[in-house]
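Here you go, one structure.
Rule-based calculations on the coordinates, nothing more; no lab input. Just so we're clear, the structure is a prediction, and the values are computed from it rather than from any experiment. Virtual Cβ from ideal backbone geometry, glycine too; neighbours counted across all protein chains shown.
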């Protein structure tokens, strides 16, 4: 049975943070969502200390084999999440991973401490694609910032800490090594690649925020290379993601040493993509086993 | 209404011209009958993502008509204006070709009484490809005996897409439909709001609810007119949407007083006072 940091998983496919709202999906699809939950663990949208409304539209733009989003992390804030969302997420039939982000170590610590206390939370994912307002540096772009953040947070939680890396750096392996030194339990990657688009109707940037994050099959080769280089640099289990839309795509991440894969953009095209990909993986593994020559019989 | 969980592979039953648009009929064996205003996420089963890797995402399209299908399930008619790689591909789907559908999604138009105390009648105001959900709404009101008028705006003789959805089985335009055309070839010359204004200033204006769907500029004009005359209006909006079930947070519509609605799960039908201003920025 697959596992991640000691969390048993029914299969090795989970969701990427911010690409599935299980509470909204349950209202749309009913309890069939729970009976046939597509992921082996559920990763929440990123929670920030204070509520955020998100960015002004336009927020999404289709690109060749992908999309750019500038959603802007809309969420109810830490207290709203704990009071309103967590009781509903507890009803999901899989382990819950809560994604958090803050712009100071103190605020990050407050989020981790509060969330780590909740028994229904299996692990915490740290979204480090954010500035540290004190240093002005994007934490996840800087190995020593990342290491220092982990050193500050590590004592606050016995739950696994998963560091979600940004791909918008020269060398993600260095940042991953910093996270490992600081005490991280796992590395997840990649987040979206910075991108922009021009609206042909106006000749101006299409997204309200001017730029956004590219995702979908278009980014898969980049994701694979970053998983490869991080795998070579750290011993931690890796959650690999970036453009996974089939079982064959997922196998590529496993071939490079990922422990688990996450599905993001494909969820938008297929609400049951996670389960489908897990099934495709399982049947390709079974086919491999059957076609393997029986070595000890001559 | 609960939608079946996941997308379903369905078959295109027919594809016909409708005044410059296409009406693509799909047989859905596994889903419930949708209500007027609801939509589906549609993607062609083959050659989706061809040509430069687009269309990649499914397209949100509201239902224009639905009937029980021979052999079980429902037949769904979608009105399509081929304006980009997604709608072009969907509009070109032939009989027997595969189409992925997820739905029915979103809320639906309410009856006049549900949205406005004492409201007995309805005024449907549509233009462009936005006439689609009003076609189903008109039939529902007709069957339920809800008094209604229908005001439709079209550009010119070559652009009357969807008008036939408002014709009876004899092919004659339903008597409650009035037209405004910019070239004056049919109905009155002008815009659909020219037909709406006299109704809103009439003595019995408050006894009706306005239902509207169409291009953003038309919707905004209808919203502002109704607000000015104190008439309740329901608007079926459109917004860039990747998923249709609340996952992507792309279809954000600004709320009066700040914050955003997700059009897929909070809409697509919103009351006039639930939106700030209908704008091209998100529609």
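Need one value for A:71-77: mean number of C-beta atoms belonging to other chains within 10 Å of its residues' C-beta atoms.
2
Please label the shape of the stretch B:112-236 as rounded, prolate or oblate, based on the square roots a ≥ b ≥ c of the eigenvalues of the alpha-carbon gyration tensor (a/c under 1.5 means rounded; beyond that, a/b larger than b/c means prolate, else oblate).
oblate
Per DSSP H run of at least 4 residues, take -39500 (n - 2.57); add these up for chain B, divide by its residues and hand me the 222 nm value, nearest 500 deg cm²/dmol.
-5000 deg cm²/dmol
Can you tell me the mean projection area, over all orientations, of the convex hull of the stretch A:45-103's alpha carbons? Units nm², please.
5.5
Average partner chain C-beta neighbours within 10 Å, per residue of A:268-281?
Mean shielding by partner chains, rounded to a whole number: 4.
Let's test the formula: R0 of 41 Å, r as the Cβ-Cβ distance of residue A:50 and residue A:255. What FRET efficiency results, to the nearest 0.05?
Efficiency for this residue pair is about 0.50.
On to the next question. Mean-square fluctuation check for chain A, GNM, Cα pairs under 10 Å: which of A:223, A:173, A:201 is largest?
A:201
Evaluate 2.2 N^0.38 Å with N set to the residue count of chain B, then give the Cα radius of gyration divided by it.
0.96
In a Gaussian network model over chain A where Cα atoms closer than 10 Å are linked, find which of A:258, A:109, A:32 has the largest mean-square fluctuation.
A:32
Relative contact order, percent, of the stretch B:1-159 when contacts are C-alpha pairs under 8 Å separated by at least 6 residues?
It comes to 29 percent, rounded to a whole number.
If you take the beta carbon distance between residue B:194 and residue B:227 as r and set R0 to 25 Å, what does 1/(1 + (r/R0)^6) give as a FRET efficiency, to the nearest 0.05?
That gives a FRET efficiency of 0.90.
Relative contact order, percent, of chain B when contacts are C-alpha pairs under 8 Å separated by at least 6 residues?
18
Next question. Per residue of B:130-139, what is the mean number of Cβ atoms on other protein chains within 10 angstrom of that residue's Cβ?
Per residue, the average neighbour count from other chains is 0.
Label residue B:33 and residue B:143 with points 7 Å out from Cα along Cα→Cβ: what is the distance between them in nm?
The answer from the label model is 0.4 nm.
Right, another one. For chain A, what's the relative contact order in percent, using C-alpha pairs closer than 8 Å and at least 6 residues apart?
Computed value for chain A: 19 percent relative contact order.
Please work out the Cα center distance from the stretch B:68-95 to the stretch B:177-252, rounded to the nearest Å.
About 25 Å separates the Cα centre of the stretch B:68-95 from the one of the stretch B:177-252.
How many nm is it between the label spots at residue A:152 and residue A:279, if each spot is 7 Å from the Cα in line with the beta carbon?
Here the modelled spin labels are 4.6 nm apart.
Further question: Among A:98, A:244, A:234, which one shows the biggest mean-square fluctuation in a GNM of chain A, springs joining Cα atoms closer than 10 Å?
With Cα springs under 10 Å in chain A, the top fluctuation among A:98, A:244, A:234 is at A:234.
As a test of the formula, what do you get for chain A when each DSSP H run with n ≥ 4 contributes -39,500 (n - 2.57) and the sum is divided by the residue count, at 222 nm and rounded to the nearest 500 deg cm²/dmol?
-9500 deg cm²/dmol
Cα axis of helix B:132-144 to longest principal axis of chain B: angle in degrees, 0 to 90, nearest 10?
60
Between residue B:186 and residue A:222, what's the calculated FRET efficiency when r is the beta-carbon distance and R0 is 60 Å? Round to 0.05.
0.65
Specify whether the C-alpha gyration tensor of chain A places it in the rounded, prolate or oblate class, a ≥ b ≥ c being the square roots of the eigenvalues: rounded for a/c under 1.5, otherwise prolate if a/b is larger than b/c and oblate if not.
rounded
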